[in-house]
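Q: The structure follows.
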Amino acid sequence: MLLKFLAAFLLVLGFATAEDPYRFFDWNVTYGDIYPLGVRQQGILINGQFPGPEIYSVTNDNLIINVHNSLPEPFLISWNGVQQRRNSYQDGVYGTTCPIPPGKNFTYTLQVKDQIGSFYYFPSLAFHKAAGGFGAIKILSRPRIPVPFPDPAGDYSILIGDWYKTDHKILKGILDRGHRLPFPDGIIINGRGPNGTYFTFDQGKTYRLRISNVGLQNSLNFRIQGHKLKLVEVEGTHTIQTTHDSLDIHVGQSYSVLVTADQAPQDYYIAVSTRFTSQVLTSTAVFHYSNSARQVSGPIPAGPTTQTGWSLSQALSIRYVSSHPIQFNPKDTNLTASGPRPNPQGSYHYGLVNVSRTIKLESSAAQVSGKQRYAVNSVSFILADTPLKLADYFKIGGVFKVGSISDNPTGQKMYLDTSVMGADFRAFVEIVFQNHENILQSWHLDGYAFWVVGMDGGKWTPASRNQYNLRDAVSRSTTQVYPKSWTAIYIALDNVGMWNLRSEFWARQYLGQQFYLRVYSPVESARDEYPIPRNALLCGRAAGRSTRP
């Protein structure tokens, strides 16, 4: 095993600076019995664990993760929010990476370049996400970069999500036959049902909780009985510190909060419940004082249910902290808040850059050939026989066509295609997500963090730009779009590669609500993008070819 790790080390030595540390992980992926809601199920375990092991790292660390696939089917892991700078080959989705065959292994080489914050990993193929295989990722700031709050007494990762008692293969079969999934059976917290998880706190001390919604479809509200949540970070961005009784965390999103154990020494409920659903699912964990005099008791604290306006107001209140002159406000606090480096935006401010292109994306649901499908701008994505990034690198024709999805809604009847949108390296673009449906949606873009500049009800028009936040919008990789509403984001396309833009509602993603953004530089220089990894798996029409010496 040591020899494998040393080989992986040499593989990436040329692509990372000498002072950046290496962290090595060796994972075995298997099926095993799990009981998240009290019923035995077949779950995906990593090194026998459900959820999987936590990845602990520091800005710019190189992560060498050797994944052994001991499942009887192909497998891939993706890294939600890790930007894979210049390296989309490591993204771990089928558009960029060949699956790991059964009984084989693959070594991911990731660098958490210029990132901090709270993220997670998950299995991206088939419907594996409904079986587990997910875990937390922590990226800490480098010691010389100050953090805008004192070191907490502890740092807990909390993975929340909706869950089915039904086997993931049966759920996949329901989708493959063209049907919608039923409502989930419950909510899990770190892989367990009601009161199955507890966290210990010393009275009077403050702790950091990193909360990620790793579920399949439902927005969740998080709260702690008798305690306040101070928001400090959202998917790699330190925020202006605001205090909340509860937080809405939508599918695919991650938040960090500070909680002080400042109440009477006893046990309290941590409550998580579904939002915007007619049937409300609730689960609990235990907030345990180390000197507790009483077990958890009393009613579970109630949370909001279907109030869209409350959630929208909270979302608009989440802003990031910067000392840039355009953003300075004496009333703001923590203006020395750090990023991964002293000036995380470089020499510009997003609100002063001219947008070179506007992309408007509309979601839709319809039947195609008698089966349920979901689409973006009328195109429902289907997998190609070869990962798109490999087809692009080897110049294999006929796998995909750049421009197979329009920049704007077409009004066409839904159809199937391997949709790829072209984009220029270093362009600065505006994307508008328009939601005409009655459900809340959640969208994620691999390879990037973007600024969420606006969201509101109704239909977006150019006049909607008058209400954009061009001063201190939060930067993140996953954003919600409320029912019958729109959300607008700005992105600096500074990361060459093939990047998945998808619905985080996993049944919708599986049935076509995704596409790939090909950010291209005609120079094709190693300065802009790393060459294909020597150990890249080759499949489909790329099988039998050579990577590089």
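Q: Which condition does residue 380 not pass, out of (1) outside any strand (DSSP E or B); (2) more than 24 Å from residue 83 (Cβ to Cβ), if it passes all the others?
A: If we test residue 380 against (1) outside any strand (DSSP E or B); (2) more than 24 Å from residue 83 (Cβ to Cβ), just (1) comes out false.
Q: Quick one: which residue in 93, 112, 147 is of a type in the set (Val, Ile, Thr) and at pLDDT below 95?
A: After ruling out the rest, the residue left standing is 147.
Q: Shifting gears a bit: State whether one or more residues within segment 247-264 are out of contact with any strand residue (DSSP E or B) (no Cβ under 6 Å at 6 or more places or on another chain), of a type outside the set (D, E, K, R) and surrounded by fewer than 23 Cβ atoms within 10 Å (Cβ to Cβ).
A: Within segment 247-264, one or more residues are out of contact with any strand residue (DSSP E or B) (no Cβ under 6 Å at 6 or more places or on another chain), of a type outside the set (D, E, K, R) and surrounded by fewer than 23 Cβ atoms within 10 Å (Cβ to Cβ).
Q: Among the residues of segment 381-415, count how many are under 21 Å from residue 359 (Cβ atoms), more than 22 Å from the chain's Cα centre (by Cα) and of a type in the set (A, V, I, L, M, F, W, C).
A: Residues meeting the conditions: 4.
Q: Go through segment 401-418 and give me each residue that's open to solvent by less than 70 Å² (accessible area, probe 1.4 Å), touching a Gly at 6+ places or on another chain (Cβ under 9 Å) and either touching a residue at least 60 places away in the same chain (Cβ under 8 Å) or not assigned by the TED database to the domain that holds residue 374 (or both).
A: Correct list: 402 only.
Q: Something else about it: Please enumerate the residues belonging to segment 268-287 that are farther than 15 Å from residue 189 by Cα and surrounded by fewer than 18 Cβ atoms within 10 Å (Cβ to Cβ).
A: 278, 279, 280
Q: Hey, does segment 114-124 have a residue that's open to solvent by 10 Å² or more (accessible area, probe 1.4 Å), within 20 Å of residue 514 (Cβ to Cβ) and free of Cβ contacts under 8 Å to residues at least 60 places away in the same chain?
A: yes
Q: Next question, about the same structure. Return yes or no: is residue 392 out of contact with any Gly (no Cβ under 7 Å at 6 or more places or on another chain) and charged (D, E, K, R)?
A: Yes: the conditions hold for residue 392.
Q: Which condition breaks for residue 78 when tested against (1) at pLDDT below 95; (2) polar (S, T, N, Q); (3) crowded, with 16+ Cβ neighbours inside 10 Å?
A: Among (1) at pLDDT below 95; (2) polar (S, T, N, Q); (3) crowded, with 16+ Cβ neighbours inside 10 Å, the lone unmet condition for residue 78 is (1).
To keep it simple, each residue is scored yes or no on (1) open to solvent by 40 Å² or more (accessible area, probe 1.4 Å); (2) over 30 Å from residue 527 (Cβ atoms).
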position	(1), (2)
22	yes, no
25	no, no
37	no, yes
43	no, yes
69	no, yes
88	no, no
98	no, no
106	no, no
110	no, no
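Q: For segment 91-113, indicate whether the set of residues that are touching a residue at least 40 places away in the same chain (Cβ under 8 Å), closer than 22 Å to residue 157 by Cα and aliphatic (A, V, I, L, M) is non-empty.
A: yes
Q: Given the conditions (1) within 18 Å of residue 45 (Cβ to Cβ); (2) open to solvent by less than 10 Å² (accessible area, probe 1.4 Å), report the number of the one that residue 84 does not fulfil.
A: The number of the failed condition is (1).
Q: Within segment 435-549, which strands (runs of 3 or more DSSP E) (wholly inside it) include 3 or more residues that are within 30 Å of residue 67 (Cβ to Cβ) and open to solvent by 10 Å² or more (accessible area, probe 1.4 Å)?
A: 514-520
Q: Another question, if that's okay. Tell me, yes or no, whether segment 145-158 has at least one residue that is within 15 Å of the chain's Cα centre (by Cα), open to solvent by 10 Å² or more (accessible area, probe 1.4 Å) and in contact (Cβ under 8 Å) with a residue 12 or more places away in the chain.
A: yes
The values are calculated or read from the model by the stated rules, or taken from the named source; none is laboratory data. This structure is a prediction, so every number in the text was calculated from the model and none was measured. In this analysis, Cβ positions are derived from the backbone assuming ideal geometry, glycine residues included, and neighbour counts consider all displayed protein chains. With ligands, DNA and RNA removed, areas are computed over all heavy atoms of the protein, side chains included. Shrake-Rupley method; radii C 1.70, N 1.55, O 1.52, S 1.80 Å.
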